[in-house]
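To start, the structure under review is shown below, and the notes come after it.
The values are calculated or read from the model by the stated rules, or taken from the named source; none is laboratory data. All values derive from a computational prediction rather than experimental measurement. Glycine also receives a Cβ, built like all others from the backbone with ideal geometry; neighbour counts cover every protein chain displayed.
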Amino acid sequence: MIKINHALEFHLCTKNSSYVMKVLPSSHLVNLHYGKRLRHQEDFSYLYQNFNTDIGNSTSYHEQFDSFTLDTTRLELATSGKGDYREPSLHIEYEDYTTVSDFTYHTHRVIKGKPGLESLPHAHGTEGIETLIITLRDKIKDVYLHLNYHTFYESDVIVRSMTIENGQQGLITLEKAMSFNFDMNNSQLELISLEGKWIREGQLNNRPLHKGITSMDSKKGVSGSSHPPFICLADKDTGELHGECYGFGLVYSGNHQCLVEVSPYDLTRVHMGISPFDFRWTLDKGEHFQTPEVMMTFTPSGLSQMSHQFHNMINNHLIPTQWQHTDRPILFNNWEATYFKFNEKKLVDLGKAAKTLGIELFVLDDGWFGQRDDDKSSLGDFFEHRKKLPNGLSGLSKKIRALGLDFGIWVEPEMISTNSELYKKHPEWAVQLLDRDPSLGRHQLVLDVTNPDVIEYLFKSLSKVFKDGHVTYVKWDMNRNFSDVYSNYLKDKEQRSFNHRYTLGLYHLLNRLTEKFPKILFESCSSGGNRFDLGMLYYMPQTWTSDNTDALERQSIQYGMSHLFPLSTMAAHVSGDPSHQVLRHTPIESRFNVAAFGILGYEMDITKLSVFEKKVIKNQIAYYKQHRKLLQYGQFTRLQSPFEHNQSHWMVTNSNQSEAIVGYYQKLQESNSGFEAIKLKHLNSDDDYDISNRTQYINIRHFGPLINDEIPINVKVNGLIHSMVSNRYMYETEKFIHTVPGDQLMSIGLLPQHQFVGTELNENIRYVGDYGSRIYHLQSNQEKKYD
Ligand code: GLA
């Protein structure tokens, strides 16, 4: 909802938030409030704060506006040169080499709905969406800025971006063009961001704001996992379930910057957008430049609520419409099962095993093309590795599909190996300098997708692969950061725009492919979650969250990532034992209990499973299928953090709160531990819930010689019988079956049985163990109410 007062005050409302701006007498556009929803007023000027007298050495904007200084004003667009000494959100060099800008109110207009963007990923939809475009103008230089505000009422999100339009005076060069500027009068905040690295993405980083600048960026060419383009600003006492917080997420996959500055006057400025590092973009007369969009959201109800708002927005207004709320298949991926060493027979055997377990989609990972027997060759060559696949992709796909599985494939289109047919033909397509040896990442170079010929080549080759393989799923990988940035295709003066042009080229290719193959489910990957961002999700509704599938590490990775991303976007696999990333042994049930909160897959040699493992996996898959909608699209709430506790909890709830699933995870088994309560949220107080834990099994090997106290026969540890029995015997853990009122579950908690204390183990004692876990299902028994 957008309301506009006569005195040029703009009030943007979402269901629970208000964003208020005003045009000052000097014609600058300022922010008056972003936060809790306010009653609309015909006059909001009470909210405007500034100095009313000249102070010390400050710069007055203009004699006409006595004592008005931009440095203490909460601006909606910040430039330099007229007395604002904070970081500008827009920096332009004009044809006369001057850089002073002064943008003031020119016009505004309101549109029902939201226009899309031509070349950038963007939020979309119709219901409850309005657009306000406020145009500012630099009168001297004849440049227009369109500040775009889109309100998504139900999701409590405001999407912002900026369009810079050059008038008729001369060439201008953008040195910096952030997507938005937001100034607030609160500096007593905590900054929460996700930090990470390969196999350790999504780690939470909380720190108080201090005076000065905190900047998080990526210079890697991709959004990266070191500082992905998301931040949250929260009150110091905000927790998961209470307190005020703001979230900001950039819809972009290339170099970015997110900057927070606290001024001496305790004003906090936030910027986000394309990184100004190595960025220059020239606009001729009449040309325009569109920045990426940013989603901003506010809630007075804690971090989990902020995440719910982002999750709703992503599920309903960002991912491709055909994938919204559709069931995602359970897949098998052969990477950790075989790495590069496979042939058609091995793949078909894996397919057969997958089918018997209940898996729906078979994914052929790296190594199927060119001469690719390791990661040193063949990227760019889109023809089958005939030694491994004598019947080609189509032959393999046919056999896999005959088993009743869908067929999916791994590709890494943005890369080229110097040892490839493509490189022999087109060395000029690789990103590298003419006068230096290139630095390599995973032995490969980046393909120059600023070049339309490269895009055409990729479009045609990939289309052929997708068609030949009757592919229904594609894992789109990207395994190196940029170096030696130079494009043979771009003009010299365009080289400083390479990073952004690359991202635009990639988006263009993705647009074409996703339009041509709307039924293919694309999953984005960049050595795991190194390009997990809102930009990629516009084309590909799910991302390979991390190459790390260790059940313990994955808890914190998924917990962290969930601040921005919903379960439907996070691919999560059960892999082998020990974990290939940390060599840790974790129970197979825990590997599932973590992966189940996401898009489930299996990635281990399933032709070599014991009878015990087969039964366990079949059970897991059947459980996931039964609760798939909830586990993929339910509302995810973080209850207790793995970053802070030995036990962590999270839960997922359906929309009318009649059903929920709770995940409980333990790091280490404590001796003689205390009583536990898992306090739940988002249930109906008046309902009674039937609760049951998922049936789980422990391999009896775990108990060593103690097993003789538990099973009816006596066996010699590590002997033949012990081995045979442990491969088959299904030792079931305790059962938890209760009916509990919703108000008790929320105020007192789900009260699991007491843990094993070193004495007896029976059906009323909960043995969790190191890295152990449980899943509890809750169903309201007032079913009629929800019919
Ligand atoms: C990346 C991906 C892995 C796998 C390999 C194949 O590292 O993240 O999942 O696909 O590439 O080379």
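Which residues, counting only those in the range 362-375, are out of contact with any Lys or Arg (no Cβ under 9 Å at 6 or more places or on another chain) and either in a helix (DSSP H, G or I) or away from the ligand (no atom under 12 Å from the Cβ) (or both)?
Scanning the range 362-375 gives a single hit, GLY370.
Looking at GLU428, GLU456, which is the one that is in a helix (DSSP H, G or I), more than 16 Å from the ligand (Cβ to nearest atom) and free of Cβ contacts under 8 Å to residues at least 24 places away in the same chain? Walk me through it before giving the result.
Working: GLU428 fails: free of Cβ contacts under 8 Å to residues at least 24 places away in the same chain.
Being in a helix (DSSP H, G or I), more than 16 Å from the ligand (Cβ to nearest atom) and free of Cβ contacts under 8 Å to residues at least 24 places away in the same chain holds for just one of GLU428, GLU456, which is GLU456.
Looking at the range 221-237, which of its residues are among the hydroxyl-bearing types (Ser, Thr, Tyr) and crowded, with 23+ Cβ neighbours inside 10 Å?
First, the residues of the range 221-237 that are among the hydroxyl-bearing types (Ser, Thr, Tyr): 223, 225-226.
SER223, SER225, listed by residue number.
Go through the range 556-566 and give me each residue that's under 11 Å from the mean Cα position of the chain (by Cα) and either assigned to a loop (DSSP other than H, G, I, E, B) or surrounded by fewer than 24 Cβ atoms within 10 Å (Cβ to Cβ) (or both).
SER562, HIS563, LEU564, PHE565, PRO566
Please work out if GLY351 is buried (at least 21 other Cβ atoms within 10 Å of the Cβ) and assigned to a helix (DSSP H, G or I).
So GLY351 fits the description; yes.
Determine whether the range 603-619 contains at least one residue that is touching a helix residue (DSSP H, G or I) at 6+ places or on another chain (Cβ under 8 Å) and within 14 Å of the ligand (Cβ to nearest atom).
From the range 603-619, those touching a helix residue (DSSP H, G or I) at 6+ places or on another chain (Cβ under 8 Å) are 603-607, 609-614, 616-618; that's our starting set.
The next check asks that each one be within 14 Å of the ligand (Cβ to nearest atom); those that pass are 603-604.
Scanning the range 603-619 turns up at least one residue that is touching a helix residue (DSSP H, G or I) at 6+ places or on another chain (Cβ under 8 Å) and within 14 Å of the ligand (Cβ to nearest atom).
Looking at the range 382-419, which of its residues are within 15 Å of the ligand (Cβ to nearest atom), in a loop (DSSP other than H, G, I, E, B) and free of Cβ contacts under 8 Å to residues at least 60 places away in the same chain?
HIS385, LYS388
Consider only pairs whose beta carbons are under 7 Å apart and that are at least six residues apart or on different chains; among these, list those whose first residue lies in the range 526-543 and is within 11 Å of the ligand (Cβ to nearest atom) and whose second residue is in a loop (DSSP other than H, G, I, E, B) and of a type in the set (Gly, Ala, Ser).
Short answer, once both residue conditions are applied: GLY529/GLY202; GLY529/SER225; ASN530/GLY224; ASN530/SER225; ARG531/SER223; ARG531/SER253.
What is the residue count in the range 709-726 for residues that are among the aliphatic types (A, V, I, L, M) and part of a helix (DSSP H, G or I)?
Final tally of qualifying residues: 4.
Tell me yes or no: at least one residue of the range 568-583 is away from the ligand (no atom under 11 Å from the Cβ), assigned to a helix (DSSP H, G or I), at pLDDT 95 or above and not aromatic (Phe, Trp, Tyr).
Yes, the range 568-583 contains at least one residue that is away from the ligand (no atom under 11 Å from the Cβ), assigned to a helix (DSSP H, G or I), at pLDDT 95 or above and not aromatic (Phe, Trp, Tyr).
Looking only at the range 470-494, which residues are surrounded by fewer than 17 Cβ atoms within 10 Å (Cβ to Cβ) and within 16 Å of the ligand (Cβ to nearest atom)?
none
If you check GLU76 against the conditions, is it acidic (Asp, Glu) and closer than 21 Å to ASP156 by Cβ? Please lay out each step first, then the result.
On the way: acidic (Asp, Glu): yes; closer than 21 Å to ASP156 by Cβ: yes.
It is true that GLU76 is acidic (Asp, Glu) and closer than 21 Å to ASP156 by Cβ.
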